[in-house]
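Asker: Got a structure here, written out as structure tokens. Questions coming.
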Amino acid sequence: MDKNYSTTTNSPAETIDFAKKLAELIKVPALILLKGDLGTGKTLITKAVVSELGYHGDVTSPTFNLVQEYQADLEIIHMDLYRLDSSEELVEIGFEDYLNREAVVFIEWPELALSLIPADFIFIDIEKISDNQRKITVRGEGNHSSLLIERLNQEC
Ligand SMILES: Nc1ncnc2c1ncn2[C@@H]1O[C@H](COP(=O)(O)OP(=O)(O)OP(=O)(O)O)[C@@H](O)[C@H]1O
Ligand SMILES: [Mg+2]
């Protein structure tokens with residue numbers, strides 16, 4: 001079973017198309033980790049998936065409060081840990097409780113919480129090739145997420 005999917009996009013619109021395909025395959029609960037330098041497209045992908053899941057309001061990097069919730073037909077949680085000061089702060093925001101919810105959870109800058117990440121997750125790594133080009137690699141860890149990657153490979 002292929003646990004990886006990768007694609008190179010040449011514009012934000014192409015990245016949004018990828019995100020929509022991903023969104024169609026998501027089943028609750030889902031944990032989606034987004035890794036990549038500043039301005040590579042973590043929020044762009046989150047916003048496109050969230051919109052496909054039925055929430056059409058504002059989606060921005062929740063930089064100052066670390067976590068935002070969006071209510072669609074499903075429960076959606078969006079975290080950005082870039083400004084996390086300490087692991088105690090994760091306890092304060094109830095990080096582990098969020099991960100136990102029947103929700104779709106997005107985490108930008110997940111490397112700051114790796115020790116608390118459960119075994120099943122979708123890991124999206126975005127690499128900036130040039131101003132408009134991104135290499136996107138998706139990995140599934142655990143049965144639930146591996147299956148999703150397999151389906152993504154079948155569809156794309
Ligand atoms: N192929 C592409 N895919 C995604 N984004 C692209 C692409 N080409 C250009 N961009 C631009 O890159 C920017 C990505 O911004 P975004 O806010 O999603 O980054 P981010 O990874 O969330 O950054 P941060 O770490 O600051 O939260 C957008 O301005 C988008 O238009
Ligand atoms: Mg962001």
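The values are calculated or read from the model by the stated rules, or taken from the named source; none is laboratory data. Note that this is a predicted model, so its numbers are computed, not measured. Positions of Cβ are generated from backbone atoms using ideal geometry, with glycine treated the same way; all protein chains shown enter the neighbour counts. To get the accessible areas, we keep the full protein, side chains included, count just its heavy atoms, and leave off ligands, DNA and RNA. Shrake-Rupley method; radii C 1.70, N 1.55, O 1.52, S 1.80 Å.
Asker: Go through (1) away from ligand 2 (no atom under 13 Å from the Cβ); (2) over 11 Å from the mean Cα position of the chain (by Cα) one by one and return the number of the condition S61 breaks.
Answerer: Here S61 clears every test but (1).
Asker: Out of everything in the range 92-106 that is out of contact with any Asp or Glu (no Cβ under 8 Å at 6 or more places or on another chain) and hydrophobic (A, V, I, L, M, F, W, C), what residue ends up being farthest from ligand 1 (Cβ to nearest atom)?
Answerer: Quick first cut of the range 92-106, residues out of contact with any Asp or Glu (no Cβ under 8 Å at 6 or more places or on another chain) only: 92-100, 105-106.
Pick out the ones that are also hydrophobic (A, V, I, L, M, F, W, C) and you get 93, 95, 99, 105-106.
Numbers: I93: 18, F95: 18, L99: 20, V105: 16, F106: 10 Å.
Filtering the range 92-106 for residues that are out of contact with any Asp or Glu (no Cβ under 8 Å at 6 or more places or on another chain) and hydrophobic (A, V, I, L, M, F, W, C), the one farthest from ligand 1 (Cβ to nearest atom) comes out as L99.
Asker: Take the residues in the range 20-56 that are touching a Lys or Arg at 6+ places or on another chain (Cβ under 8 Å) and without any contact (Cβ under 8 Å) to a residue 60 or more places away in the chain, then tell me which one is surrounded by the fewest Cβ atoms within 10 Å (Cβ to Cβ).
Answerer: Here the answer is E52.
Asker: Right, here's the next one. Are any of the residues in the range 102-122 open to solvent by 60 Å² or more (accessible area, probe 1.4 Å), in a helix (DSSP H, G or I), of a type outside the set (F, W, Y) and modelled with pLDDT of 95 or more? Step through it out loud before you land on a result.
Answerer: Residues of the range 102-122 open to solvent by 60 Å² or more (accessible area, probe 1.4 Å): 102, 111-112, 114-115, 119.
Next cut, in a helix (DSSP H, G or I) only: 111-112, 114-115.
In the following step, the residues that additionally are of a type outside the set (F, W, Y) were identified as 111-112, 114-115.
Narrowing the set further to residues that are modelled with pLDDT of 95 or more leaves none.
Among the residues of the range 102-122, not one is open to solvent by 60 Å² or more (accessible area, probe 1.4 Å), in a helix (DSSP H, G or I), of a type outside the set (F, W, Y) and modelled with pLDDT of 95 or more, which makes the answer no.
Asker: Six or more apart or on different chains, Cβ atoms under 7 Å: show the pairs whose first residue is in the range 91-119 and closer than 16 Å to I76 by Cβ and whose second is of a type in the set (F, W, Y).
Answerer: Between residues of the range 91-119 that are closer than 16 Å to I76 by Cβ and residues that are of a type in the set (F, W, Y), the close pairs are V105/Y98; E108/Y82.
Asker: Sticking with this one: Tell me whether the range 125-137 contains one or more residues that are open to solvent by 70 Å² or more (accessible area, probe 1.4 Å), over 24 Å from V59 (Cα atoms) and either modelled with pLDDT of 95 or more or not aromatic (F, W, Y) (or both).
Answerer: Here is the first cut: in the range 125-137, the residues open to solvent by 70 Å² or more (accessible area, probe 1.4 Å) are 127-129, 131-132, 135.
Okay, now just the ones that are also over 24 Å from V59 (Cα atoms), so 129.
Those still in the list that are either modelled with pLDDT of 95 or more or not aromatic (F, W, Y) (or both) too: 129.
Yes, because at least one residue in the range 125-137 is open to solvent by 70 Å² or more (accessible area, probe 1.4 Å), over 24 Å from V59 (Cα atoms) and either modelled with pLDDT of 95 or more or not aromatic (F, W, Y) (or both).
Asker: May I ask you to verify whether T46 is under 14 Å from the mean Cα position of the chain (by Cα), near ligand 1 (Cβ under 9 Å from one of its atoms) and of a type in the set (S, T, Y)? Break it down stepwise before answering.
Answerer: Details: under 14 Å from the mean Cα position of the chain (by Cα): yes; near ligand 1 (Cβ under 9 Å from one of its atoms): yes; of a type in the set (S, T, Y): yes.
The answer is yes for T46.
Asker: Which of the numbered conditions does Q68 fail, given that it passes all the others? Conditions: (1) in contact (Cβ under 8 Å) with a residue 12 or more places away in the chain; (2) within 13 Å of ligand 2 (Cβ to nearest atom).
Answerer: (1)
Asker: List the strands (runs of 3 or more DSSP E) inside the range 1-86, counting only whole elements, that have at least 1 residues being among the polar types (S, T, N, Q). If you could, list the steps in order and put the result at the bottom.
Answerer: Values: elements: 4-9, 30-35, 67-71, 75-80.
Output list reads 4-9, 67-71.
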